[in-house]
Every structure is written in structure tokens, then in C-alpha cells.
1. Compute the relative contact order of the stretch 63-210 as a whole-number percentage, counting only Cα pairs closer than 8 Å that sit 6 or more residues apart in sequence.
2. Can you work out the Karplus-derived ³J(HN,Hα) for every residue in the stretch 163-171? Use 6.51 cos²θ - 1.76 cosθ + 1.60 with θ = phi - 60°, whole Hz, and x for glycine or proline.
3. State to the nearest 20 debye the size of the charge dipole of the stretch 78-125 about its Cα centre, where the only charges are +1 on K and R beta carbons and -1 on D and E beta carbons.
4. Taking the Cα-to-Cβ direction at Tyr100 and at Ser85 and moving 7 Å from each Cα, how far apart do the two end points lie in nm?
5. Label Arg154 and Arg188 with points 7 Å out from Cα along Cα→Cβ: what is the distance between them in nm?
6. For the stretch 63-210, take the convex hull of the Cα atoms, compute a quarter of its surface area, and give me that in nm², please.
7. Between Gln66 and Arg39, what is the spin-label point distance in nm, taking each point 7 Å from the Cα along the Cα→C-beta axis?
Amino acid sequence: MQCINTLSTVGMKSSLMPITRAFSVTAFMRKEKVLIPKRYLGQPTPFTHQHLLKMDEITPGISRGQYSARRRDLMAAIGRSIYGSAKNHVAIILGAGKKYMTDEIPYPYRQNTDFLYLCGFQEPDSALILESIPGRELPDHKATLFVPQRDSDRELWDGPRSGPEGAMQFIGVDEAFTTDCFPEKLHRYLAKENTSSGTMFSGLFMKVYTRTSPQT
């Protein structure tokens with residue numbers, strides 16, 4: 001399957017439009033033009049739910065900037081941890097999968113708490129990778145989302161999907177790919193040249209904030 005990188009597609013005018021709100025926002029926000037995908041995504045957006053979200057919010061009451069600050073705080077904590085002296089750092093946070101009662105009847109979905117805290121993305125079977133940037137110190141990092149590919153048949157039954165381009169634009173990460181690309185990217189991180197003198201984290205909030213010495 002082909003990996004989809006949204007860097008070259010996210011700026012297409014056909015899928016985006018500048019919108020503004022004339023109520024419940026500050027004077028500054030009324031003057032700003034925020035690009036929001038001109039369609040339904042896999043969760044409420046200021047374009048589809050103006051009564052629920054302000055222009056800069058990903059989830060009610062939490063802005064895009066706040067989610068970005070949370071990711072920076074996590075990478076800063078990694079830098080202060082016992083692993084901080086390592087050359088490379090990769091943090092992998094997996095979203096929750098969908099669970100079924102029977103056949104095609106799913107349980108009400110609940111996103112993984114850590115994943116939701118760091119990016120606010122609410123679609124199942126997604127992943128977030130935070131990686132250090134060569135030549136730059138933490139908390140500077142690159143954030144990449146892996147999200148379900150758009151599928152008109154499944155969306156007819158399950159509801160809209162954001163797709164990489166919608167997720168990247170709405171969440172504000174650096175890159176976005178379909179989940180089909182995740183194994184390939186993970187293999188690259190596991191390659192010798194990327195893991196030598198480096199650390200890879202999973203189950204981050206337990207390991208980064210509570211561990212004070214390496215396990216023996």
C-alpha cells in the first residue's frame with residue numbers, strides 16, 4: 001500500500017477554506033483567518049460545530065497551542081530524565097483500537113488517555129510519534145500522526161474520517177500518514193543508525209515521570 005504524506009497536499013484550496021466567527025471570540029480571533037478543512041472530520045471542528053468549539057480549539061476548552069505545549073512538556077521531561085544525555089529520542093504513543101460487542105456492532109469508543117492528552121485526536125487505531133531533531137536540543141521535536149485512511153464505504157457506516165491531510169491541518173502536527181505506513185516508519189526508528197546512542201519510549205507517562213534509574 002502506498003504511504004500518504006500530506007506535506008504536499010495540505011495546502012490545496014479545494015479542501016480548505018478560511019473561516020471566521022463573529023461571536024464568542026476575542027477581537028483578535030475575529031480578525032484572524034484560520035484554515036479548517038471544509039468538510040466533516042472524524043470529530044467536531046470549529047467548521048462543523050461552531051457552537052461547541054472556538055476557532056483555535058481542538059476539543060472544547062483546549063486549544064491547538066495547549067496540545068502543542070503538552071507535547072513540548074513531555075519532550076522536556078524526557079530531556080531531564082536519566083535518558084536525557086542520549087543522542088536520539090523517539091516517543092511512541094498509540095491510540096486505542098475499536099472494540100466490538102459482536103460482528104459490526106462496536107462498543108462506545110474511548111480514546112487512549114495519554115494519546116488524547118497529547119494531541120486531542122479522537123479516531124481509533126491511530127498513533128503519535130514524537131522524535132528529537134538532529135542538531136537541536138529538547139524540547140524541540142517533530143510530531144507525526146498516523147491515522148486511518150479515508151474509505152468511502154466504511155465512512156458510510158462508521159462516519160467521516162479525517163485522513164492524513166485533515167488530521168495534519170486540524171491537529172497542527174508536522175507530518176501525517178496513513179496507519180499503513182506505521183510499520184515502515186517504526187522499522188526505520190528501530191534501525192541501528194537511529195537507535196544507537198538513543199532511547200525509544202512507550203508507556204511514557206509511567207516511565208518518564210516515575211523512573212529514576214535504569215531497570216536491571
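Here, each number is a calculation from the coordinates, and none is a lab measurement. Since we're looking at a predicted model, the values are computed, not measured. Using ideal geometry, Cβ is built from the backbone for each residue, glycine included, and neighbour counts are taken over all protein chains shown.
1. Working: 233 pairs, mean separation 41.1, N = 148.
Answer for the stretch 63-210 is 28 percent.
2. x, x, 5, x, 5, 5, 5, 6, 7
3. On the way: 5 positive and 5 negative charges, 72 e Å.
My answer is approximately 340 debye.
4. Here the modelled spin labels are 5.1 nm apart.
5. Calculated label separation equals 2.2 nm.
6. Values: hull surface 38.5 nm².
Value for the stretch 63-210: 9.6 nm².
7. 2.9 nm
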